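The values are calculated or read from the model by the stated rules, or taken from the named source; none is laboratory data. Because the structure is predicted, anything quoted here is derived from the model rather than measured. For neighbour counting, all protein chains shown are included, and Cβ atoms are generated from backbone atoms with ideal geometry for every residue, glycine included. Please note that ligands, DNA and RNA were not included when accessible areas were found on the heavy atoms of the full protein model with its side chains. Shrake-Rupley method; radii C 1.70, N 1.55, O 1.52, S 1.80 Å.
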Amino acid sequence: TAAAYGNEEAVGRAIKSSGIARADLFITTKLWVQDAPAEDNTQRAFETSLTKLGLDHLDLYLMHQPFGDVYGQWRAMEALNREGRTKAIGVANFYPDRLLDLILNNDITPAVNQIETHPFFQRADYQALMREHDVQIQSWGGFAEGRNDLFTNPLLAGIGKEYDKSVAQVVLRWLTQRGVIAIPKSVRAERMVENFDVFDFTLTDEQMARIATLDADSSLFFDHHDPEMVTWLAKRRLDA
């Protein structure tokens, strides 16, 4: 979930009605860009998210965007982590320069960096850098939202045919073998089942190398270095 997605209350209701023990769930939500004073407003934003979710703690709290008073937001998140209100803290959409700056100038290293990662934007070099600093890469947009005709890509489809697997399953297996956390989403029960069914086959080194050739090394969505995008994200407010 994320404050910016507007789905925390719905997820909270689902958690409450599911009958699943809290200890068996891993709940993540994300902090949106906060106005000054960022530390106070981050604390308030966290409490709002927790109330909407109906929980007394989170498993992971992520900073959604690398904008605003990042240091003030991170100090507040560090305090929440020390207090046990969230078991881990991390970031999303941080490029290498911003991530290293945060790591080198603060006490707690982000546990996770959730970034766009899919066959057309593979982030292999960045993953290696994160590994050096004990930051776990997590993929958003693992299926590229179907862009570049991912689900009919002949290379991925050909590999899938060898294992009687779909393109989606090949992509999830590829992410998993790379050590990338995959968080696919679907509203269809049969697709959810399919997405879990990726642990009974292993891609060969040759197949992994072939998938590596699909990397165009650029975003299919938006560029966090683009001035217009930076302006839009930094000025967006959830109550607007």
Across A23, A216, A14, the residue with the highest GNM fluctuation in the chain (Cα network, 10 Å cutoff) is A23
Between A212 and T51, what is 0.36 nm times their sequence separation minus the Cα-Cα distance? Round to one decimal in nm. 53.7 nm
Starting from the residue with the highest accessible area, list I108, I159, I181 in decreasing order, probe 1.4 Å. I181, I108, I159
Scan around T29 for amide H atoms under 5 Å from its own, H built in the peptide plane at 1.01 Å from N, and keep only partners 5 or more places away or cross-chain. L60, L62
Just to verify a number: what accessible area does Y5 come out at with the full protein assembly present, 1.4 Å probe, Å² rounded to tens? 130 Å²
Stretch gain in nm, segment E9-S219, where the contour uses 0.36 nm per residue and the Cα spacing is subtracted: 72.5 nm
Could you tell me which of the pairs K30/K165; K30/K185; K52/K87; K16/K52 are separated by over 21 angstrom between their Cα atoms in the structure shown? K30/K165
Nearest 0.05, what FRET efficiency do R22 and A124 give at R0 = 45 Å with Cβ-Cβ as r? 0.80
If I ignore ligands, DNA and RNA and count only protein heavy atoms, how much of R98 is accessible to a 1.4 Å probe, in Å² to the nearest 10? 90 Å²
In debye, nearest 20: dipole of the range 1-107 around its Cα centre with unit charges on the Cβ of K, R (+) and D, E (-)? 380 debye
Within the range 31-137, list the GluC sites (Glu not before Pro) lying in a DSSP loop whose Cβ has at most 13 other Cβ atoms in a 10 Å radius. E83
Roughly how many Å is it from the Cα centre of the range 89-146 to that of the range 1-67, as a whole number? 20 Å
Running a GNM on the chain with Cα contacts under 10 Å, which residue among H64, H118, H225 ends up with the highest mean-square fluctuation? H225
